[in-house]
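Participant: Dropping a structure here in structure tokens format, bear with me for questions.
The values are calculated or read from the model by the stated rules, or taken from the named source; none is laboratory data. Worth saying up front: this structure is predicted, and the values here are computed from it rather than measured. Here the Cβ is made from the backbone with ideal geometry for all residues, glycine too, and neighbour counts use every protein chain on show. Ligands, DNA and RNA are excluded from the accessible area calculation, which covers all protein heavy atoms including side chains. Shrake-Rupley method; radii C 1.70, N 1.55, O 1.52, S 1.80 Å.
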Protein chains: 2
Amino acid sequence: MTPIRLAIVGLGKIARDQHLGAIEATDGIDLVAVASRNASLENVACFADIHELLASGVEIDAVSLCTPPQGRFEQAKAALEAGKHVMLEKPPGATLSEVFALETLAREKGLSLFATWHSRAAAAVEPARALMAERTLKSVSVEWKEDVRHWHPSQAWIWEPGGLGVFDPGINALSIVTRIMPETFHLVRSELTFPANRAAPIAASLAFETKSGLPVAAELDWRQTGPQTWDIRVETEEGTIVLTHGGSRLIVDGEAQIVEEDREYRNLYRDFVALVTKGDSDTDFSPLVHVADAFMLGRRIETEAFED
Amino acid sequence: MTPIRLAIVGLGKIARDQHLGAIEATDGIDLVAVASRNASLENVACFADIHELLASGVEIDAVSLCTPPQGRFEQAKAALEAGKHVMLEKPPGATLSEVFALETLAREKGLSLFATWHSRAAAAVEPARALMAERTLKSVSVEWKEDVRHWHPSQAWIWEPGGLGVFDPGINALSIVTRIMPETFHLVRSELTFPANRAAPIAASLAFETKSGLPVAAELDWRQTGPQTWDIRVETEEGTIVLTHGGSRLIVDGEAQIVEEDREYRNLYRDFVALVTKGDSDTDFSPLVHVADAFMLGRRIETEAFED
């Protein structure tokens, strides 16, 4: 099969750190163009934005959007209306209404839309899911605590409405939990801690319940210095299952398991090639639904101003 | 056909003001039981809560939930699992995840689930919708301004997380706009004004865009004394369409139109009978999706404390 001719829109940190290398390493897809306001890449056609790219006559089959979520709707809509398959970085958009509209548009156009959740492609996620399906679950608790100054230095958009604050990493945890749990869950309590000078939360404490009544808790915090914590702990009648390091390592009943080398973004591009080939879409927006619920149901606590 | 045997859960203000009379006036449905912690009704079986009701052996076919949205999931789930059709007051739940779960459960059980939006059943809504479909739209603006002290005296739950604050009435406007607009729209800017001592907003300023780029604005405010405003103004190439009085009156190009007498809740129960008879559901949650988006994308402004 002829490789998919791909354009990347948004050549920021995530595109350079993850996407470029993953595309290079994936069969069936070639990077042929880039749209970025401030950056360019050698050996591919470069444009200032997606509209210039689409008007240029450069032939592409698909677009991968690596821009911040605010404003991504216009880009995705333009790409779909021009007949291009679309892959979305997480979170898939700034609102649920817009991502539901993109889902409808992709279906109407017969195009593939892939709302990616890179943490779902982490190495321990599928083994954990398979194991949990065989066990009797008792509870799940998420601890997702990192240092925002280290991971998001001076990323102003992340503190703006739509940038999601601590949910930017926290949604990764929710994307794993929604994948590995054998039943759905919904929020019953939410506390959001906002710095006095910011429009997005720096910490969140969430309590969910599954449909059958099991507790799922999540503590998200952006103020953790020293060792960083990205852990999901599942208590079962048969023992404890722990995913650490953002879903890349697995500990079962106290014993570290051997899982594959972590290759989140290569898995995503492999999956995108498969979706386009089969004419399918993958649009599970449930992690973003939980985040919207956390804001809607959230009790707000104000804390000291945050400066970068 | 044998009438549907209905139980009401929650015998508060909305049930007494609207539901009881509408059920009485509707063919095909009879009230046979009530579950309410603090109130009872003559001539029907009365229980403290839905679990007692379902365990009692009193035969019912359907349940109408008139309780506040927080905690309604457990009641709706219990009813559906017991094989009862369910009608939900607005808003349909405290979170999107829970209402999506109810939708799935109703489908699995082959039962009717009706997420009602009483303002959609107002007399001017369908005439406005039909007219808008024939015209070229330019913009929509909503003004929904009322006195919370008059309409929600001492309703503490409405100020709690999940109570939605000014979106409790404002979601009525959104339920009309989502019905009458010929295309979907999504939020692009949201400002929420919170009293210093409350967990829910007292005012909201929202800017949406339709898929094709038309502006939809909404100004919601709970601090309006004197005349109350529940208006939706639609500018079109051919003139102006205005819905006033919460969707019960229609003014087209400056001329008041004759519409039917307003009978919102009777229309809802008529529709519920039809859904149950046909084995269908009506679960358009888009007004609640917009509210969740407004919280997620909202910039918060603090204002003076509110006391009842």
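Participant: Listed residues A:PRO92, A:PRO127; which is away from chain B (no Cβ under 13 Å) and out of contact with any Asp or Glu (no Cβ under 7 Å at 6 or more places or on another chain)?
Facilitator: Being away from chain B (no Cβ under 13 Å) and out of contact with any Asp or Glu (no Cβ under 7 Å at 6 or more places or on another chain) holds for just one of A:PRO92, A:PRO127, which is A:PRO127.
Participant: Inspect region A:190-204 for any residue being assigned by TED's automatic domain parsing to the domain that holds A:GLU238, more than 30 Å from A:GLU307 (Cβ to Cβ) and either under 22 Å from the mean Cα position of the chain (by Cα) or surrounded by fewer than 15 Cβ atoms within 10 Å (Cβ to Cβ) (or both) and give the result as yes or no.
Facilitator: no
Participant: Between B:THR116, B:THR136, which is open to solvent by 20 Å² or more (accessible area, probe 1.4 Å) and modelled with pLDDT of 95 or more?
Facilitator: B:THR136
Participant: Check off (1) of a type outside the set (S, T, N, Q); (2) farther than 20 Å from A:GLY12 by Cα; (3) more than 17 Å from the chain's Cα centre (by Cα); (4) within 13 Å of chain B (Cβ to nearest Cβ) for A:PRO161 and give me the number that stays unchecked.
Facilitator: (2)
So that you can scan it fast, the table gives a plain yes or no per residue for (1) acidic (Asp, Glu); (2) in contact with a helix residue (DSSP H, G or I) (Cβ under 8 Å, 6 or more places away or on another chain); (3) in the same structural domain as A:PHE167 (by TED's automatic domain parsing); (4) at pLDDT below 95:
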residue: A:ARG233; (1), (2), (3), (4): no, no, yes, no
residue: A:GLY239; (1), (2), (3), (4): no, no, yes, no
residue: A:TYR269; (1), (2), (3), (4): no, yes, no, no
residue: A:ASP282; (1), (2), (3), (4): yes, yes, no, no
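Participant: Turning to a different aspect of this structure: Report, by residue number, each residue of region A:269-308 that is more than 9 Å from chain B (Cβ to nearest Cβ), surrounded by fewer than 24 Cβ atoms within 10 Å (Cβ to Cβ) and part of a helix (DSSP H, G or I). Working first, answer last.
Facilitator: Restricting attention to region A:269-308, the residues satisfying the condition of being more than 9 Å from chain B (Cβ to nearest Cβ) are A:269-285, A:287, A:301, A:303-308.
Within this subset, residues satisfying the condition of being surrounded by fewer than 24 Cβ atoms within 10 Å (Cβ to Cβ) are A:270-271, A:273-285, A:301, A:303-308.
Listed by number, the residues that qualify are A:ARG270, A:ASP271, A:VAL273, A:ALA274, A:LEU275, A:VAL276, A:THR277, A:LYS278.
Participant: For the list (1) assigned to a strand (DSSP E or B); (2) within 14 Å of chain A (Cβ to nearest Cβ), I need the number of the one condition that B:LEU250 fails.
Facilitator: (2) is the only condition that B:LEU250 fails.
Participant: Moving on to the next point. What are the residues in region B:140-177 that are aliphatic (A, V, I, L, M), touching a strand residue (DSSP E or B) at 6+ places or on another chain (Cβ under 8 Å) and under 20 Å from B:PRO92 (Cα atoms), if any?
Facilitator: Selection gives B:VAL166, B:ALA173, B:LEU174, B:ILE176, B:VAL177.
Table: residues versus (1) among the aromatic types (Phe, Trp, Tyr); (2) not assigned by TED's automatic domain parsing to the domain that holds A:VAL177.
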position: A:SER212; (1), (2): no, no
position: A:PRO215; (1), (2): no, no
position: A:TRP222; (1), (2): yes, no
position: A:PRO227; (1), (2): no, no
position: A:GLY279; (1), (2): no, yes
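Participant: What helices (runs of 4 or more DSSP H), lying completely within region A:93-169, carry at least 3 residues that are in the same structural domain as A:THR229 (by TED's automatic domain parsing)?
Facilitator: A:125-134, A:148-151
Participant: If you go through region B:35-49 one residue at a time, how many are touching a Gly at 6+ places or on another chain (Cβ under 9 Å) and either open to solvent by less than 40 Å² (accessible area, probe 1.4 Å) or within 15 Å of B:VAL63 (Cα to Cα) (or both)?
Facilitator: 3
Participant: Please verify whether B:ILE14 is in contact (Cβ under 8 Å) with a residue 40 or more places away in the chain, in contact with a strand residue (DSSP E or B) (Cβ under 6 Å, 6 or more places away or on another chain) and not hydroxyl-bearing (Ser, Thr, Tyr), treating the condition exactly as stated.
Facilitator: For B:ILE14, the condition - in contact (Cβ under 8 Å) with a residue 40 or more places away in the chain, in contact with a strand residue (DSSP E or B) (Cβ under 6 Å, 6 or more places away or on another chain) and not hydroxyl-bearing (Ser, Thr, Tyr) - is not met.
Participant: Sort out which residues of region B:49-74 are within 14 Å of chain A (Cβ to nearest Cβ) and not aromatic (Phe, Trp, Tyr), and write them in order of number.
Facilitator: Filtering region B:49-74 for residues within 14 Å of chain A (Cβ to nearest Cβ) gives B:51, B:68-74.
Hits for region B:49-74 are B:HIS51, B:PRO68, B:PRO69, B:GLN70, B:GLY71, B:ARG72, B:GLU74.
Participant: Cβ-Cβ distance below 6 Å, separation of 6 or more or different chains: which pairs start in region A:102-120 with a residue that is farther than 12 Å from A:ILE171 by Cβ and end on one that is open to solvent by 10 Å² or more (accessible area, probe 1.4 Å) and part of a helix (DSSP H, G or I)?
Facilitator: Close Cβ pairs satisfying both conditions: A:SER112/A:LEU275; A:SER112/A:VAL276; A:PHE114/A:LEU275.
Participant: Let me ask you something else. Return the residues of region B:1-27 that are in a loop (DSSP other than H, G, I, E, B) and either more than 23 Å from the chain's Cα centre (by Cα) or polar (S, T, N, Q) (or both); say none if nothing qualifies. Give the steps one after another, and end with the answer.
Facilitator: From region B:1-27, those in a loop (DSSP other than H, G, I, E, B) are B:1-3, B:10-12, B:25-27; that's our starting set.
Passing the criteria: B:MET1, B:THR2, B:PRO3, B:THR26.
Participant: While we're here: Name, by its number, the condition in (1) away from chain B (no Cβ under 14 Å); (2) over 23 Å from A:ARG270 (Cα atoms); (3) in a helix (DSSP H, G or I) that does not hold for A:CYS46.
Facilitator: Every condition holds for A:CYS46 apart from (3).
Participant: Only residues that are in a helix (DSSP H, G or I) and in contact with a Pro (Cβ under 9 Å, 6 or more places away or on another chain): list them for region B:76-92, please.
Facilitator: Correct list: B:ALA76 only.
Participant: Then there is this: Which residues, counting only those in region A:256-289, are over 21 Å from A:GLU126 (Cβ atoms) and under 21 Å from the mean Cα position of the chain (by Cα)?
Facilitator: Selection gives A:VAL276, A:LEU288, A:VAL289.
Participant: B:GLY170: open to solvent by less than 30 Å² (accessible area, probe 1.4 Å) and modelled with pLDDT under 95, yes or no?
Facilitator: No; evaluated as a whole, the condition is false for this residue.
Participant: Taking interchain pairs and intrachain pairs at least six residues apart, which have beta carbon atoms under 6 angstrom, with the first residue in region A:56-67 and over 14 Å from A:THR116 (Cβ atoms) and the second open to solvent by less than 10 Å² (accessible area, probe 1.4 Å)?
Facilitator: A:VAL58/A:ALA33; A:ILE60/A:ALA7; A:ILE60/A:ALA33; A:ASP61/A:ILE4
Participant: What are the residues in region B:183-240 that are away from chain A (no Cβ under 14 Å), part of a loop (DSSP other than H, G, I, E, B) and not β-branched (Val, Ile, Thr), if any?
Facilitator: Selection gives B:TRP222, B:GLN224, B:GLY226, B:PRO227, B:GLN228, B:GLU237, B:GLU238.
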